[in-house]
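Engineer: Here it is, the structure in full.
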Amino acid sequence: MRIELVKRPQHSALFSALSPFIALALTLAAGAIMFLFLGKNPVEALYYFFIDPLREVWSLHELAVKAAPLILIAVGLSICYLSNNWNIGAEGQFILGAIAGSILPVMYPDFQSWIVLPLMLLMGIVGGAAYAAIPAFLKVRFNTNEILTSLMLVYVAQLFLDWIVRGPWRNPAGFNFPETQTFHSFAILPEIWPASGRAHWGFVFAIVAALVLWFVLSRTLKGFEVKVIGQSPRAGRFAGFSRNRMVIFAFLVSGALAGLAGISEVSGAIGQLRTTISPGYGFTAIIVAFLGRLNPLGIVAAGLVLALTYLGGEAAQISIGVTDKVARSFQGMLLFFVLACDMLIHYRIRIARPVRTAKAEGTAEEPAHA
Amino acid sequence: MLESVLITIATAATPLLIAAMGELVVERSGVLNLGVEGMMIMGAVTGFAVAAMTGSAWLGVFAAILVGAAFALLFGFLALTLVTNQVATGLALTLFGLGLSGMLGESFVGLPGIRLGAIDIPVLSDMPFIGRLLFGQDPLFYVSILLTVGVAWFLFSTRAGLMLRAVGDNHASAHAQGINVIGIRYLAVLFGGACAGLAGAYLSIVYTPQWVENMTAGRGWIALALVVFASWRPWRIVAGAYLFGGVTIGQLHAQALGFGIPSQLLSSLPYLATIVVLVLISRNRRLTMMNTPASLGRAFVPDR
């Protein structure tokens, strides 16, 4: 038996809509098998993982808290990936945004005014964009591979955060804990409905960013430029689009959004800087971007799904005692299935038996050479 | 003192050398597998676990090689058979490997590991200065040297190596010549995975015999950078790996001595060095273009 791919004359609209759902279903099936191996009842485990966190209002708020950074980062990444710029360093841009945005409340805690929060958000955006500008500049100026440079900068950012929180920015009254002082009330990103849960305005930023980028990508010349350069750089050149300017544009946009996600997380969800401020949001957002098929509206839905795996991991750890590391395996598997299912959009699968294949090849030989 | 520093540089360089040598063969066949970090960390956790459970370091090494290859097969099935985007698929492999290894390794955190000890060739290893350096290393050090010799010979002196390079440079022509493009790429990808698994086992069985989550710490990515740095030539990988080994060990010694430099800045040196080296090497556009396998990262679907 052999699997053959037959190219479809045009890409299948049906499967472009269906493939993320098929991928989710396959991930759940694979997850059930994984739980069997861990010696847990798969139905119970999947229930705690994917249903239980959705049953309470406070828990839905937590979902929004986790989804906000994922969506913000992933919509930025979609611009990068659509234009063929492989920014995989969003985690570092997230961290630098958080650090730049924290300058005011940490270094000037006495400066208390309503203007502090908007300035913090702005500085977070600038910090993330500036950090993303490094791999973009190196790619444009020196032709350096942006995948490797952006990734290396993640490690540098993590170490920088570790240093600044243990060193110059450590809370003098904090009993030597590696954390900054907690932000004053003017530096806190408020909750949306404080009465019912913790979800902060970062989630609103995420939705707005997704809507704006959806509009840019589907309704403007810039969006067209992004896609043309990504799909056919040659055609883009003939159309007068500059590849280099697109590299800078894509990296700046995604860096800015990752930076906004970083400062929103710190001022909304955490309230201070610590040595670790992200459970891998910048990497998980890559999965979100692909599960959302690089469409900002799809990414909103995908961000909620991936946020659920974080919550599910915690819930399953508490209720059935599996390690919360299961969540990250789930996320990795999901990306595999998404990529595999996307193949269905462009190809039809034909399963050929060996005998018939040999015959078919034998007969196909002559017309091919004729 | 200098002798022992050189030996530790060799142990820091060997995993990079092994992983990069595997990826070099993969990229020479025209496939970009960004999953080195994922295959490496799976090799590290498997190697540690099997060695700890069986008491045999060698069984751990072999298990790590098999798991690395199995992970590579997963990549191959997606990227070669289902023609998914190679960059994204490699990333998926890395993310999945990091997640799965954390899950599988959780019960091994903090357990004492089994070390694969250094071998000692009598008489020769007693030679002053170079004795222990050349004749008293761990067995995998010699494997890494043999691997380099073997890959260099295979790629440039055998017919199969020529075919592999042809596939990497122009898959359509190679296909028209009757070469099985996909088959060769599968073999190259499997070889790369086996090397990455071995490199991971080196970390958890030789370098520091213990299991720590994320213990590869970006070494798989540095190995990928080394392939670019070496402009896809085996012997230059040795130079690059030892350069990075030197940076890693140098910064560790600097941390021990103090100097008042923040340890985090020193720890980030290998990553910063990677960026600097990449910039220096890719600055010359023509040289890079000349050396890069022309079909690198491009999907191939045989039109029968």
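Engineer: Only one residue in B:ALA79, B:ALA64, B:ALA118 is in contact (Cβ under 8 Å) with a residue 24 or more places away in the chain, more than 14 Å from chain A (Cβ to nearest Cβ) and not β-branched (Val, Ile, Thr). Which one? Give the steps one after another, and end with the answer.
Structural biologist: Working: B:ALA79 fails: more than 14 Å from chain A (Cβ to nearest Cβ); B:ALA118 fails: in contact (Cβ under 8 Å) with a residue 24 or more places away in the chain.
That would be B:ALA64, the only listed residue that is in contact (Cβ under 8 Å) with a residue 24 or more places away in the chain, more than 14 Å from chain A (Cβ to nearest Cβ) and not β-branched (Val, Ile, Thr).
Engineer: Follow-up. Determine which member of the set B:ASN85, B:ASN33 is within 20 Å of A:ILE286 (Cα to Cα) and either basic (Lys, Arg) or within 16 Å of the chain's Cα centre (by Cα) (or both). Spell out the reasoning first.
Structural biologist: Numbers: B:ASN85 fails: either basic (Lys, Arg) or within 16 Å of the chain's Cα centre (by Cα) (or both).
None of the others qualify; the one that does is B:ASN33.
Engineer: Can you confirm whether A:ASN176 is of a type in the set (S, T, N, Q), without any contact (Cβ under 8 Å) to a residue 12 or more places away in the chain, away from chain B (no Cβ under 13 Å) and over 18 Å from A:PRO105 (Cα atoms)? Outline the logic, then answer.
Structural biologist: Working: of a type in the set (S, T, N, Q): yes; without any contact (Cβ under 8 Å) to a residue 12 or more places away in the chain: yes; away from chain B (no Cβ under 13 Å): yes; over 18 Å from A:PRO105 (Cα atoms): yes.
For A:ASN176, the condition - of a type in the set (S, T, N, Q), without any contact (Cβ under 8 Å) to a residue 12 or more places away in the chain, away from chain B (no Cβ under 13 Å) and over 18 Å from A:PRO105 (Cα atoms) - is met.
Engineer: Here is a follow-up. Can you pull out every residue in the stretch B:159-176 that is farther than 19 Å from B:LEU296 by Cβ and within 23 Å of the chain's Cα centre (by Cα)?
Structural biologist: Looking only at the stretch B:159-176, we keep the residues that are farther than 19 Å from B:LEU296 by Cβ, and these are B:159-160, B:176.
Residue satisfying the conditions is B:ALA160 alone.
Engineer: Considering only helices (runs of 4 or more DSSP H) fully contained in the stretch A:207-288, which possess at least 2 residues that are surrounded by 20 or more Cβ atoms within 10 Å (Cβ to Cβ)? Before the answer, list the steps.
Structural biologist: Numbers: elements: A:221-231, A:233-238, A:243-264.
Answer list for the stretch A:207-288: A:221-231, A:243-264.
Engineer: Can you tell me which residues in the stretch B:219-238 are assigned to a loop (DSSP other than H, G, I, E, B) and either crowded, with 24+ Cβ neighbours inside 10 Å or of a type in the set (Lys, Arg) (or both)? Before you say what the answer is, go through the steps one by one.
Structural biologist: Of the stretch B:219-238, the ones assigned to a loop (DSSP other than H, G, I, E, B) are B:230-233.
The one that is assigned to a loop (DSSP other than H, G, I, E, B) and either crowded, with 24+ Cβ neighbours inside 10 Å or of a type in the set (Lys, Arg) (or both): B:ARG233.
Engineer: In the stretch A:270-301, which residues are away from chain B (no Cβ under 14 Å), under 18 Å from the mean Cα position of the chain (by Cα) and hydrophobic (A, V, I, L, M, F, W, C)?
Structural biologist: Correct list: A:ILE277, A:LEU297, A:ILE299, A:VAL300, A:ALA301.
Engineer: Go through the stretch A:318-339 and report how many residues are at the interface with chain B (Cβ under 9 Å from one of its Cβ atoms), aliphatic (A, V, I, L, M) and under 12 Å from A:PHE49 (Cα atoms).
Structural biologist: Residues that pass the stated criteria total 3.
Engineer: In the stretch B:127-202, which helices (runs of 4 or more DSSP H) lie fully inside it and hold 3 or more residues that are over 15 Å from B:GLU27 (Cβ atoms) and of a type in the set (Val, Ile, Thr)? I'd like the intermediate steps shown before the answer.
Structural biologist: Working: elements: B:130-135, B:139-157, B:159-169, B:171-176, B:181-201.
The qualifying helices (runs of 4 or more DSSP H) are B:139-157.
Engineer: So which residues in the stretch A:123-146 are part of a helix (DSSP H, G or I) and without any contact (Cβ under 8 Å) to a residue 12 or more places away in the chain, if there are any at all? If you could, list the steps in order and put the result at the bottom.
Structural biologist: Taking the stretch A:123-146 as the starting set, the residues that turn out to be part of a helix (DSSP H, G or I) are A:123-142, A:146.
Residues satisfying the conditions are A:LEU138, A:ARG141, A:PHE142.
Engineer: Is at least one residue of the stretch A:182-195 surrounded by 16 or more Cβ atoms within 10 Å (Cβ to Cβ), modelled with pLDDT under 95, more than 21 Å from the chain's Cα centre (by Cα) and under 30 Å from B:ILE281 (Cα atoms)?
Structural biologist: There is no residue in the stretch A:182-195 that is surrounded by 16 or more Cβ atoms within 10 Å (Cβ to Cβ), modelled with pLDDT under 95, more than 21 Å from the chain's Cα centre (by Cα) and under 30 Å from B:ILE281 (Cα atoms).
Engineer: Answer with yes or no whether B:ALA166 is out of contact with any Asp or Glu (no Cβ under 6 Å at 6 or more places or on another chain), at pLDDT 85 or above, farther than 21 Å from B:TYR242 by Cβ and exposed (fewer than 14 other Cβ atoms within 10 Å of the Cβ).
Structural biologist: no
Engineer: Just to be sure before I move on: is A:LEU306 surrounded by 22 or more Cβ atoms within 10 Å (Cβ to Cβ), more than 9 Å from chain B (Cβ to nearest Cβ) and either touching a Pro at 6+ places or on another chain (Cβ under 7 Å) or at pLDDT below 90 (or both) in the structure I sent? Let's see the steps before the verdict.
Structural biologist: Numbers: surrounded by 22 or more Cβ atoms within 10 Å (Cβ to Cβ): yes; more than 9 Å from chain B (Cβ to nearest Cβ): yes; either touching a Pro at 6+ places or on another chain (Cβ under 7 Å) or at pLDDT below 90 (or both): no.
Taking the combined requirement at face value, the residue does not satisfy it.
Engineer: Further, regarding this structure: Given the residues A:LEU148, A:LEU104, A:LEU161, which is the only one that is of a type in the set (A, V, I, L, M), within 28 Å of A:VAL204 (Cβ to Cβ), surrounded by 17 or more Cβ atoms within 10 Å (Cβ to Cβ) and within 12 Å of another protein chain (Cβ to nearest Cβ)? Lay out the reasoning, then the answer.
Structural biologist: On the way: A:LEU148 fails: within 28 Å of A:VAL204 (Cβ to Cβ); A:LEU104 fails: within 12 Å of another protein chain (Cβ to nearest Cβ).
Result: A:LEU161 is the single residue among A:LEU148, A:LEU104, A:LEU161 that is of a type in the set (A, V, I, L, M), within 28 Å of A:VAL204 (Cβ to Cβ), surrounded by 17 or more Cβ atoms within 10 Å (Cβ to Cβ) and within 12 Å of another protein chain (Cβ to nearest Cβ).
The values are calculated or read from the model by the stated rules, or taken from the named source; none is laboratory data. What you see is a predicted model; the values in this text were computed from it and never measured. Neighbour counts are summed over all protein chains in view; Cβ atoms, including those assigned to glycine, are modelled from backbone coordinates with ideal geometry.
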